[in-house]
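One structure below.
Where a number appears in this text, it was derived from the coordinates with a stated rule and is not lab data. Since this is a predicted model, take the numbers as computed values, not measurements. All Cβ positions, even for glycine, are placed from backbone atoms using ideal geometry, and neighbour counts span all protein chains on display.
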Amino acid sequence: MKRNFCYAPFVHMYLHDEYDKKLCCLSDDYAIDSPDTEKPIPANLHDHWTSDFYKNVRRKMLNDEYVENCKHCYNQEAAGEFSERDRWAKAWEDNDIEVNIEHGNQYKTPIDFELRPGNLCNLQCRMCAPHSSSQLDKEYKNNKEILGPIYDAGGMANDIISGNIEYVLSNAGHIQQIKLLGGEPTIMPETIEILRILVERNILDINLHITTNCTNANATFLELIRKFKNPVYNFSIDGIGKTLEYIRYPLSFDKISANIQEMCTGIENPQAEFLYTLQAYSLPNLVDFLKWVAKLHITIQNNTDMVSGVGLITSDLKGPEWASIQSLPIDKRNEWLDNALNDNILNCFSSNHDEVCDSNFELISSNIKEVLVRLRNDPTLYNMEPLIETTKRFDVVRNQHIKDFIPEIWDVFDQVYYNNFKVYR
């Protein structure tokens, strides 16, 4: 594979709202040299797929030129990690895809989709934004004086998915994968509509990925998802106990394990993985989180048809910058990273697929060790004041205090600065 080539812009379309232009979920927004950079995504998705936004990137990749949008994968690979670009190659390089600049592939449409059809959500996660959470949008609009400095704007732009279902499914026989995200897809009517159409058309053997916050075992959703042959759950969890409840307000952690087990039952060929995004708030809780995952892995193997248990895909939060672990003092964050790197719990995880299989899936497939090593060697340091200020803004609105949820973070805060930082209603 060429150094700068990726299959994503040739087979994949990422869709959220009309201004959210990305090559994939991890790419930076916008094609740097595209003349339609700041234009909304066309209502006709065929025009989007054949636009300069895609064609310029495809041309660069076929010429093995550096693509600015793809820094995330470049950085991962430079650190020796398995990148999203590597995952695209693994998924598509043996699939006889004839790539081209004009239409991406021989079928002339995307054949892999990430769909985020709205922002309906039941949580108000601190690192999220109003365009991805209706509850966060409501909170923002009711507290603009306090939360206004955190966000550029509220809500999301026009939904472009609902009116394009036929285009999305126009090459259903060649679609390899559909990812459904939100918001919270298990409660979104748009998600239910998409699943019903797929069931009605007997399109049941595609790889269907659902990213969920694990707070709902929605009966209507579960009845539909159990009809598919290859569903994959992506459980988006950032910690356990009070840490998770603080990050993902107003979640109740006590219900999470039961919901996960319920979602994993009654499925023909279930697969699941945790999507763990390491951030400033979750770092002190890391070892406890890994122990919880290891325990739940065994429980799921014993109580469901999922013999392989669950995987763990780890990344570190890039944005918003204030919530990244780079906002913590280097000595303290390295202390927490060392605690994890030296804990025996890491022996339960492996990024080597053969090793995981040979263990009869007693080992959990994960890149956690590689990510922790990279972060331990990362000298990047951001100003901690935005983390402290944003923490207090949310604390005032939600009548919380971080010392009651994550006292380890409170101990490294400039507590005088926190107490003196004025937040007015």
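If you place +1 on the Cβ of every Lys and Arg and -1 on the Cβ of every Asp and Glu, how big does the dipole about the Cα centre of the chain come out, in debye to the nearest 20? Write down the numbers at each step before the final one.
Details: 42 positive and 63 negative charges, 149 e Å.
With only Lys, Arg, Asp and Glu charged at Cβ, the dipole is about 720 debye.
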- prompt: Hey, which lysines would be in cross-link range of K332, C-alpha to C-alpha under 22 Å, not counting anything within fewer than 8 residues on its own chain?
  reply: K242, K291, K318, K369, K392, K403
- request: Can you tell me the relative contact order of the chain? Whole percent, Cα pairs under 8 Å, sequence separation 6 or more.
  value: 12
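By counting other Cβ atoms within 10 Å of each Cβ, how are K108, K144 ranked from fewest to most?
Lowest count first: K144, K108.
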task: May I ask for the angle, rounded to the nearest 10°, between helix 330-341 and the longest principal axis of the chain, with both axes built from Cα atoms and the value confined to 0 to 90°?
output: 70
- prompt: Where does the chain land at 222 nm, in deg cm²/dmol rounded to the nearest 500, when only DSSP H runs of n ≥ 4 count, each adding -39500 (n - 2.57), divided by all residues?
  reply: -10000 deg cm²/dmol
message: Could you work out how much longer the chain between S359 and N377 gets when fully extended? Use 0.36 nm per residue separation minus the Cα distance between them, nm to one decimal.
response: 3.5 nm
- prompt: Rounded, prolate or oblate: which one fits segment 316-355, using the alpha carbon gyration tensor with axes a ≥ b ≥ c (rounded when a/c is under 1.5, else prolate when a/b beats b/c, else oblate)?
  reply: oblate
query: Using modelled amide H (1.01 Å from N, peptide plane; none on Pro or chain starts), what sits under 5 Å from the amide H of H103, excluding residues fewer than 5 places away?
result: none
- prompt: Can you flag which of K21/K144; K141/K255; K21/K141; K90/K179 are past 21 Å Cα-Cα?
  reply: K21/K144; K141/K255; K21/K141
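Sorting K422, K318, K295 on the 10 Å Cβ count, fewest up front, what's the list? Before the final figure, lay out each step's value.
Values: K422 7, K318 16, K295 12.
Going from least to most buried by this count: K422, K295, K318.
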query: Separation of segment 166-207 and segment 113-137 by C-alpha centroid, Å?
result: 19
message: Can you find, among V168, H297, V412, the residue sitting farthest towards the positive end of the charge dipole of segment 115-416, where Lys and Arg contribute +1 and Asp and Glu -1 at Cβ?
response: V168
task: Report the percentage of all Cα-Cα pairs in segment 321-421 whose separation exceeds 21 Å, rounded to a whole percent.
output: 49
task: List every residue whose amide H lies under 5 Å from the amide H of S351, counting only residues 5 or more places away in sequence or on a different chain, with H placed 1.01 Å from N in the peptide plane.
output: S366
query: Which of T215, M61, I368 sits closest to the plus end of the dipole of the chain, meaning its Cα is farthest towards the positive end, when Lys and Arg get +1 and Asp and Glu get -1 on the C-beta?
result: T215
task: Please list, in chain and number order, the residues 5+ apart from Q271 or on another chain whose amide H is under 5 Å from its amide H, with Hs placed from the backbone.
output: Y233
- request: Could you state the angle between the C-alpha long axis of helix 189-200 and the longest principal axis of the C-alpha atoms of the chain, as a value from 0 to 90 degrees rounded to the nearest 10?
  value: 40
Distance histogram in 5 Å bins (all Cα pairs of segment 8-110, percent per bin): 2, 13, 23, 26, 21, 11, 4, 1
task: Choose one of Q76, S51, L115: the residue whose Cα lies farthest towards the positive end of the charge dipole of segment 26-150 (beta-carbon charges +1 Lys, Arg; -1 Asp, Glu; about the Cα centre).
output: L115
statement: A correct Kirkwood calculation over the Cα atoms of the chain returns a hydrodynamic radius in Å of 22.6
